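Student: This structure is in C-alpha cells; I'll ask about it shortly.
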Amino acid sequence: MTQLWRGLCWLGRHWYIPVVVVLGVAVWILSRGRTSPTAPVEVELEAIEAGAEVRRVNAKLGAEQARQHVQDKYREQLAALDEKQRARAEELSNDPAKLAKFLVRAGKRGS
C-alpha cells in the first residue's frame, strides 16, 4: 500500500510528466501517415525549374530541339499518362515549357 501511496503522491506533484508523454505519443500517432506540408510547394518549384530549363534550351537551340529535349527527359512520365492527360500533353506540345511543367506535376501526382 505504501508503494501505491508514494506513486500517487509523485503523480500529484509531477502530473505534467505523464501528460507530456501522452500528448507526445498522441501527436506521433496522428502525424504518422501524413506527407510533408511542403510537398505541394516542392512539386511547384520542380515544375517552375523544369519550365525555366526548357526556356533556356529553347533560347539556345530552338523550339524543335527544346520539344525533343522535354520528350527525352520526361519519357517515363509521358508513358504513364492516361488518355485525358495524354490529350492535354498533345495540346501543350507546341509550348515545351508548359509541357515540361505539366509532366512534372502529372508525374508527382501519379507517384
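Throughout, read-outs are computed from the coordinates displayed, never taken from laboratory work. Computed from a predicted structure; not experimentally measured.
Student: What number, in percent, do you get for the relative contact order of the chain if the mean sequence gap of Cα pairs under 8 Å and at least 6 apart is divided by its residue count? Provide the component values of the computation, followed by the final result.
Tutor: Values: 62 pairs, mean separation 33.8, N = 111.
Worked out over the chain, it gives 30 percent.
Student: Compute the long axis of helix 63-73 from its Cα atoms, compare it with the longest principal axis of the Cα atoms of the chain, and write down the angle in degrees, 0 to 90, nearest 10.
Tutor: Helix 63-73 sits roughly 40 degrees off the main axis of the chain.
Student: Please report Rg (one decimal) and Dmax (integer) in Å for the Cα set of the chain.
Tutor: Rg, Dmax (Cα atoms, Å): 26.6, 86.
Student: Between Val43, Val21, Val70, where does the largest GNM mean-square fluctuation fall for the chain, given springs only between Cα atoms within less than 10 Å?
Tutor: The residue with the greatest mean-square fluctuation here is Val21.
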